[in-house]
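To keep things clear, I will list the structure first and then write my remarks on it.
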Amino acid sequence: MVLYVGILFSLTLLLAGHNEPGGGFVAGAMTASVFALLYLVYGKDYVEARFRADYRSIAAAGLLITVLFTLLPMAWGEPALSSIILSLDLGPAGSLKVATAVGFDFGIYLVVVGSILTILRRGAGGEEGV
Amino acid sequence: MVLALGLPFFAMLLSRPLEDLRKGSAAVVSGLAAISSFILLMMMWILGGQVSVLYPWIASLGISFALRLDALSFLFSLLVTGIGGLILLYSRGYMVMEEDTGRFYAYMSLFMGSMLGLVLSGDLILLFLFWELTTISSFLLIGFHREEGQAIRSAIKALIITGLGGVALLAALLIMGLAVGSFRLGEVLASGEAIKNSSFYIPLLLLFLLAVAAKSAQFPLHIWLPDAMVAPTPVSAYLHSAAMVKAGIFLLVRFLPVLATPDWQALLIPLGTATMIVGGVQAIRAWELKRILAYSTISQLGLLASAFGVLSIVGQEAGLLHLLNHALLKASLFLVAGIVTLTTGLKDIRHLGGLGRRMPITAATCGLAAASLAGIPPLGGFLSKELYFEATLISGNPWMPWLAVLGGGLTFGYSIRFFYAIFVRKGNVTASKEPLSLAIPALILAALTLALGVIPSLGEGLVSPYVHGQGHRLKVLTAGGLLSPPIMSVLSAGLGLLILWRYEGLASFLERANSWLRRASPNTIFDGMAMTGRWACATLGVLLQNGSLRRYTAALLLFLGAVLVTPFSLPVPEVPAFTDVRDTVLALVVVAMVIFASLAAAVRDTLHAVLSLSGMGFLLAMTFMLLSAPDLAMTQILVEMVLLVIFLLVLHRIPFRALQPSRRRGPTDILLSLVVAVGVAYVVALSLSAFYFPSVALRYLDPTLVDLTGGMNVVNVVVTDFRAFDTLGEITVIGLASLAVYTLLRRWKAD
C-alpha cells in the first residue's frame, strides 16, 4: 500500500516540478526511498518476486531519454537543449501548458531511481531485513 | 538525406530483438537498410547533384548538424552502403555458428551509420563525432568475442592507436575551424589559401597526418591492423579493408584543397611509400590467411596515401580509382578467406591446396580479385595501377617510381601466390560443400572490379565528377623519359614472377629476418609502453592505495584543507545579524548539529557514529526549510534516508573488528579535522558575504524568464533548462557511479 502512495506522490513531485517544489531528482529519491523501505522490511526476495526489473536498465533508459529530449528540439529546427512549451487543449477541462523539460526531468527521474536501486540491491543481497 | 543516414542507426536498434526472434533476420533488415540508403543516395545524386542539409545544433558555439552530398561523399557513401549491404548478406550465412548475433548486427549497423555520417558530414565537429563513433564501433567489433583474451587485447590496441589519432584530429579540426571562423566544411574548404600561408600550418599538418596515419594504418602506426584480424571475417572485410581504414584516406582527399603544399608532398610520399613496402614484405612473410590480407591492405593504404601526396590531378585520379578498386577486391578476398576457413577449418596457407575443383565459384572469385590486386589487365586494378605509376613519374621524386615498381612486384607476388596456394596447387584438404550464400556476394564484388577494368568509363563516371573541379582526363599514357607506365607494369610483373618462383625461400628468409628485427619493431615499442604503463600504475597503486580507508580519507581531507586555505589573503568576512525569530531557531538548529557532530566523533563504535551523522543530516534539512528552500529540504531528507539505509546495510556486512577507532592516531585526526573545518567555514562565510563573488543566482531570479521556460520554480528551471547540459553530465556521472558500485561489490555475493 505504502508503495503505491509513495509512487503516486513521487510522480506528483515529478510533474509539478516546474512550478512548485519538486522535479526529477527529488521524485527519484522519493521512489527510491519507498523501495528502500520495502527492502528493509520485507527483504530482497519478497520485493523482487513482485517487481522484476533490471535496475541498471532503468538507469540506462533514463540516460537515453534525457539525451533524446536534448536532441529533440533539432527536429523543429531549434538548437539542441531548447525547451518548447506546448499547449494542450483538453476541452472542458481547460488547456494544459507543458514544457518539454518534463521529458528531460523524466529521464533524470529514471536515472536516479535506477542508480540508487542498483546500489541498494547490491547492499541488500541475500538479507532478510537488517 | 537525413533518412539515408538514419536508416542504419534504425537498423542497429532493431537488430537485437530481431535476432532473438529469428536468427538471421537482423542481417536481412540491416542489409535492406544499407541497400535502401544506397538507392536513396544514388537517386539524390542523379536528380539533384550537390545537396546540403543544415540544422542548428550548438548554436552558441557555431556547430551545426550539417550534411553535404558532393562528388566525394557520394563516391564514399556508395562504397559504404553498397559493400556493407553485400557483406551483411554474407554474414547471414557466415555467422550461423555464432551466438549473440543480435549484438553483432547492432554493432555492424552502428559502424555503417557512423561511417556514412563521417563521409556525409558538412561540419568539422560533426565529422569528428562520427570519426570517434567509427573508432568505438571498430573496438566493439574487434573485441566481439568477449571471452577471448587475444580479442580483448587487439581491441584495446586498436582503440589506443586510433583514439590517439582521434585526439590529433580534434586538435587539427579545432585549429582549422577557429582560424577560418566557422566549422562549416564549405567555408573551411574555401579558405585554403589562408590556412596554407598561416603560421600554424606546420603543426596543423602534423596533427592531421597523425590522425590519418593512425586510422589508415600507416607505418609505424599500422600495428593494430594485423591484430584486428581476430574479429569475425565480415568485420575484417568491411571495416578493415573497405571502409574504416579508408576513413583516413577520405580525410586526405577531403582536406586536400586546404592543406596541400610541398610540405604535404614531402611528408606524405615517404610515409605512404614506406608503408607500401613494409606492408608488401610482411604480406609475403605471413602465412595466416587473414594476416596476409591485412598486410596487403596496409601496403595498399600506403600506396593510396602516397598517391594523394603527389600534388597533381593524376595522383588524385589514381588514388580515387584505386581506392574504389581496392575496396571491392579486398572485401572480396576477405570473404573468400572466410569461406575457405569455414569449409576447411584451416587458416594456414601452407596447409591448403587443391580447392579449385571443390569450390569453383569461390576460386573464380579469388582469381579475379587476386589478379586485380596484382594489376593484371583487363581488370580494374590494372587501370588504377597504371595511373598510379603515371603519378609517381610526375611526382618529381626520383625514388618514387622505382619504389612503386618494387611495391607492385611484391603485390603481384603475394596476390598470385594467395590464389595459387589455395586453389590451384595440388593438395589434399578436406572441405565441405561450397556455400552459395557466401560465395555469391564475394563473386559480385570481384565481378565489379572486373567491370571497372573492362569498362573504363564506369570508373571515370564515378571519379571524374570530383576531379572535374580541377579539370582533367582519365587516360593511360606514357609520360616520356626512361620509364613509362606500361614499362613499369611489365617490370613489376617481372619482379613479381621472380618472387613467385622463389617464394618459399624468400618467405623463410623474411621470417628469420623478422625475428631478428623484432626488437626494433613498433609492436615491441607498443608492448613496452603498455607494460611500463601497467608497472607505473601498479607501483603508484601500492603507494597510494594500501587498502586502508583511513589513508584515503586523510589524504582527501588534507588536500581539501590545503587548497581551501591557501589562495585567499585574509579579509574578515561579515557576520549576518540576528534580525528575527527565525534566525534564533536557525541558530539553535545549528547548535544541535554541532552537538551531533561531536557525538559522532566521540562515540565508540561506527554504528552510533553513523546515526549521529544522519541526525546531522536531518537537522540540515531543517535549516533548509527555515531558509525557504523546500526543494533542497526534501531532497536532503530523502537522500539522508537512503544513505542511512545503505550505510546500515553495508555495516551489517563488515566484520566488527575493523570498526574500532585507534588510540594512537587521535591527535592527527583532531588536527586534520580542525584544518578542514576552519578552511571550509572560512570559504563559506566568504562566499556568503558577497564580498568577492557577485551572486550568480540573481541572474536566474528574473521574473521575465518565466516566459522562456514556462516554469515558476527557479531551482527546477535552472536544473532542467538553463543549465540542462550540466545536469546531463551529472546524471551520467550518477549512472556511472552506480555501475561502478555494482561491479565493485560483485565479490560480496560469494561471501
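General observations
- Violating pairs (Cα-Cα greater than 29 angstrom) within the set B:LYS385/B:LYS433; B:LYS157/B:LYS385; B:LYS215/B:LYS290: B:LYS385/B:LYS433; B:LYS157/B:LYS385
- Cleavage-rule hits (trypsin sites (Lys or Arg not before Pro)) in region B:281-389: DSSP loop, at most 11 neighbouring Cβ within 10 angstrom: B:ARG357
- Cα-based convex hull, region B:52-202, per residue volume (Å³, whole number): 127
- Exposure proxy shown here: for B:LEU75, B:LEU744, B:LEU256, the number of other Cβ atoms within 10 Å sets the order, fewest to most, as B:LEU744, B:LEU256, B:LEU75.
- Translational diffusion of region B:254-341 was estimated from the Stokes-Einstein equation, with Rh taken as the Kirkwood radius over Cα pairs; at 37 °C and 0.692 mPa s the coefficient is 239 µm²/s.
- Each of B:PHE111, B:PHE38, B:PHE509 was scored by other Cβ atoms within 10 Å of its Cβ. Arranged with the fewest first, they read B:PHE509, B:PHE38, B:PHE111.
- Inter-site label distance for B:PHE559 and B:ALA737 at 7 Å from Cα along Cβ, in nm: 1.7
- Percent of alpha-carbon pairs separated by more than 27 Å within region B:280-429: 23
- Treating each Cα of region B:135-256 as one equal point scatterer and applying the Debye formula with no solvent, the log10 of I(q)/I(0) at q = 0.15, 0.18, 0.19, 0.21 Å⁻¹ comes out as -0.69, -0.88, -0.94, -1.07.
- Taking the centroid of alpha carbons for each part, region B:383-441 and region B:87-109 are 28 Å apart.
- Computed lengthening from B:TRP501 to B:ARG153, 0.36 nm per intervening residue step minus Cα-Cα distance: 121.5 nm
Since every read-out is calculated from the coordinates, none of them should be taken as a lab result. It should be emphasised that the depicted structure is a prediction, and the values quoted were computed from it without experimental measurement. Note that we place each Cβ from the backbone using ideal geometry, even for glycine, and neighbour counts take in every protein chain shown.
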